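The structure under discussion appears below in the form of structure tokens.
The values are calculated or read from the model by the stated rules, or taken from the named source; none is laboratory data. These numbers come from a predicted model, not from an experiment. In this analysis, Cβ positions are derived from the backbone assuming ideal geometry, glycine residues included, and neighbour counts consider all displayed protein chains.
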């Protein structure tokens, strides 16, 4: 959530920053415009409240004087009762205005950092660097490779659950598990993260804390009869481990990694990547989460991104790093760096990890604070990124490791997790 104090004292600058995401976000009828209107109402109500309080003090003083002098104060007592009634009515209006104001703030995206490139969509993202040499020969799509090897079964997934679900068999199932173990081992042993195992269900408060609610409810799977949802990413429960907590300065940074299944309805991506495993309703992911001092957020983003990139390098998968433009960063993000892996069947790079700094946006929403150098509690800064999306990593391995005889080479780093298997071949 944006800083309400800054909203009132730095309105024009914040509005200009938000407009970089898209002019519609500050147009009439937007959450920003509603918040501005509600702020004006609150100011007006505050003025009325202060006037009533002054009148109450005046009448109260007058009543005291009359009583001391033995005079009739019935008129002043009647006036005091009327002021009390008006004050109660004003309190009701003020609470309603405050609730509406908070709701409007919850629907306003984070302000993009000044270093975020200008732009409207993914076409305006800026490439920062590349690693590895992409193969340029003709390679079948991962679904053809997997079905030919008998390790990917999309028909069974559809039968069991519906479209955009899949079943992994044999070597593919073991490869999924091996990738999870490799990622967790590297992040805990080499990158200093503490592994946590968290629920795959989150309540409304938890999802609001990280910014998925209220805006993206249509993309979530809600549990019937409960105000709870299947998580879209481990970012949600892991960040909220510290919900409504005040952390000590010396405890920062806090670094966690977690494996979870993830669930997304993909309501906003109809028709995109309908075949294969790129865009599934259920997928596996290892997530990296850090809580840091606000001054360290942007430099930590570079470090966290390098941790995710290290997995791709270990697996010898070519990738590039993209600096997302203002029109393409996520709702809660202050700045985002995407890792895109090379998929030879598509002759292009595709996102495999999105690493974001949220500044104090999530800390403010989730009530996660720390005591600063002066002992004053303030919202902590949060970051997260996929380290990595396991299904998409599996896809990249199938395509980049594909051989002309139909087999797939297993990256050397994964072979110990695969029982020494060097290649997946037809039975």
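The table that follows gives values for the structure above.
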read-out	value
Every residue from segment 376-405 that is in contact with a helix residue (DSSP H, G or I) (Cβ under 6 Å, 6 or more places away or on another chain) and in a loop (DSSP other than H, G, I, E, B)	380
All positions within segment 403-421 that are without any contact (Cβ under 8 Å) to a residue 24 or more places away in the chain, loosely packed, with under 15 Cβ neighbours inside 10 Å and either under 18 Å from residue 141 (Cβ atoms) or not assigned by TED's automatic domain parsing to the domain that holds residue 180 (or both)	403, 404, 405
Residues being surrounded by 14 or more Cβ atoms within 10 Å (Cβ to Cβ) and over 17 Å from residue 256 (Cβ atoms) - total across segment 182-216	12
Any chance residue 66 is without any contact (Cβ under 8 Å) to a residue 24 or more places away in the chain, closer than 30 Å to residue 331 by Cβ and in a helix (DSSP H, G or I)	no
Residue that is out of contact with any strand residue (DSSP E or B) (no Cβ under 7 Å at 6 or more places or on another chain), surrounded by fewer than 12 Cβ atoms within 10 Å (Cβ to Cβ) and either outside the structural domain of residue 360 (by TED's automatic domain parsing) or more than 30 Å from residue 25 (Cβ to Cβ) (or both), where the choices are 81, 97, 73	81
Total residues in segment 105-136, condition under 28 Å from residue 210 (Cβ atoms) and out of contact with any strand residue (DSSP E or B) (no Cβ under 9 Å at 6 or more places or on another chain)	13
Filter pass, residue 156 being without any contact (Cβ under 8 Å) to a residue 40 or more places away in the chain, touching a strand residue (DSSP E or B) at 6+ places or on another chain (Cβ under 6 Å) and under 30 Å from residue 263 (Cβ atoms)	yes
Qualifying residue in segment 85-93 (condition: over 40 Å from the mean Cα position of the chain (by Cα) and either closer than 25 Å to residue 360 by Cβ or free of Cβ contacts under 8 Å to residues at least 24 places away in the same chain (or both))	yes
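A quick yes/no check of all residues on (1) at pLDDT 95 or above; (2) within 25 Å of residue 128 (Cβ to Cβ); (3) in contact with a strand residue (DSSP E or B) (Cβ under 7 Å, 6 or more places away or on another chain):
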site	(1), (2), (3)
245	yes, no, no
256	yes, no, yes
270	no, no, no
304	yes, yes, yes
313	yes, yes, yes
317	yes, yes, yes
